1. Criterion first (more than 20 Å from the chain's Cα centre (by Cα) and not assigned by TED's automatic domain parsing to the domain that holds residue 308) does residue 2 satisfy it?
2. Name the pairs: first residue in the range 327-346 and modelled with pLDDT of 95 or more and in a helix (DSSP H, G or I), second residue of a type outside the set (S, T, N, Q) and buried (at least 18 other Cβ atoms within 10 Å of the Cβ), Cβ to Cβ under 7 Å, at least 6 apart or on different chains?
3. Do we have residue 277 as within 22 Å of residue 112 (Cα to Cα) and of a type in the set (A, V, I, L, M) here?
4. Just checking, how many residues over the range 27-78 are among the β-branched types (Val, Ile, Thr), under 17 Å from residue 118 (Cβ atoms) and either more than 16 Å from the chain's Cα centre (by Cα) or not assigned by TED's automatic domain parsing to the domain that holds residue 265 (or both)?
5. Can you pull out the residues in the range 142-151 that are surrounded by fewer than 20 Cβ atoms within 10 Å (Cβ to Cβ) and modelled with pLDDT of 95 or more?
6. Considering (1) at pLDDT 95 or above; (2) farther than 26 Å from residue 251 by Cα, say which one residue 127 fails and leave the rest.
7. Please list, ordered by residue number, the strands (runs of 3 or more DSSP E) wholly in the range 271-318 having 2 or more residues that are assigned by TED's automatic domain parsing to the domain that holds residue 80, out of contact with any Gly (no Cβ under 7 Å at 6 or more places or on another chain) and not polar (S, T, N, Q).
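The values are calculated or read from the model by the stated rules, or taken from the named source; none is laboratory data. None of these values were measured; they are calculated from a predicted model. Virtual Cβ from ideal backbone geometry, glycine too; neighbours counted across all protein chains shown.
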Amino acid sequence: MELPRGMKDFEKLESSKIEYVRQKFIETCKIFGYELMEPSPIELLSVLEAKSGSSIKDEIYYFKDKGDREVALRFDFTVGLTRYVASQQSMKLPAKLSSFGGAWRYDEPQKGRYRFFHQWDIEIFGKASLEADAEIIEFTSQFFSELGLADNIVIDISHRKLVESYINKIFSSNDPSLVTDILRAIDKITKKPKVEILKEYQEKGYKKDNLEDILKFSELKGNVEEIEQKIRVNELDGWNELKDIYNSLKNRNVNNIRINFGIVRGLDYYSGMVFEAFDSSLDIGSLVGGGRYDSLPAAFGRTDLAATGVAGGVERIVLSLENQNLPKDLSDSRISVLYTGDEMQHNAITLASNMRQRGLLVDVDLVGKPLKKQMELAANSKFAVIVGPKEYADDNVVLRNMVDRTEKTVSIKYLLENIGSQY
């Protein structure tokens, strides 16, 4: 039997890596004070269209339910979290929320991205604040540090108002459709050769000189001083905001940041600061992306509510972990309770239950395998506890260290009181 295209089963090792990312995410959320919640996995189609328009149908799973309502599977957490906060008129602000779970998109499957995937997400709702934007980026940087990935992570930041301001200047136009069209050209820079982009947009009627200016602008990267030496950014909307965010991040000891005018993100969605994070040692695209999106709460009727956030694909982060051989050890410190002969099985199971009730991670054979086979299955455990008739008659067991192969006879009372402190 085959799975639908773009779906996959998550086996033990990959699931353990996803769980590792989840635990580090939850730990980072606690550090920064983000409350964990999970919005509904099914939304009304009209709710999802509030973020991305009716064209989103091409990219998601949607259907009519038994009540003939048009519904869809969530494609991210931002929409659900925003819908929830917008409906809570009495919620104390700022609200700092986080989510971790599965999402569905009908994209073309690619490395690190299936049609069902895992995502993490944090959002801040409340009064618009550059410090809130900076905290979202600071969280991202620290999260990668918690994962052990900090050395290769680069966080590129930009500002939508600034990029749009430059487009208007180059084309001497304030036409929103022109801005959207040129933003799409900028967004293609990392995906297509420049010559193809120039040809495509010249055929649409845009002048080559203007296009080359835009593409050259989108390649600008560096710190504040380097950017100011290359272009007169003080004349562009949003530069002072971007500079303030950059300086705030430096003040927070976030040093893996870079201004990059090629970052534009969701073309009809973001309204201020935007950013993406990359693993410089791996060519798989961005690991996370986010920014300010005050227009979405407004679409849900909350013009008083501003929002900023970030989300990341977990499977791509797992690829980054694998590329750097991280984490070094995902194995649980498990204990195997073994027994000699069927007559000892009942006693071994009783002992295993007593150990589990003390919070220990314990395995015990349930089908009466020979001791030799039990020992083979216990090879990855840290300790093995062997229940034999001679020792058990004296309320003792054999405790075997499966790492250095040493063993000793200990009382069951000693075992229950002390083994937890040994790992």
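1. For residue 2, the condition - more than 20 Å from the chain's Cα centre (by Cα) and not assigned by TED's automatic domain parsing to the domain that holds residue 308 - is met.
2. 344/387; 344/388; 344/392; 345/339
3. yes
4. Qualifying residue count, the range 27-78: 1.
5. Within the range 142-151, 142, 145, 146, 148 qualify.
6. (2)
7. Result: 273-279, 306-313.
Yes/no per residue for (1) among the hydrophobic types (A, V, I, L, M, F, W, C); (2) under 16 Å from residue 163 (Cβ atoms); (3) touching a His at 6+ places or on another chain (Cβ under 8 Å); (4) not assigned by TED's automatic domain parsing to the domain that holds residue 255:
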{"residue": "195", "(1), (2), (3), (4)": "yes, no, no, no"}
{"residue": "202", "(1), (2), (3), (4)": "no, no, no, no"}
{"residue": "209", "(1), (2), (3), (4)": "no, no, no, no"}
{"residue": "216", "(1), (2), (3), (4)": "no, yes, no, no"}
{"residue": "231", "(1), (2), (3), (4)": "yes, yes, no, no"}
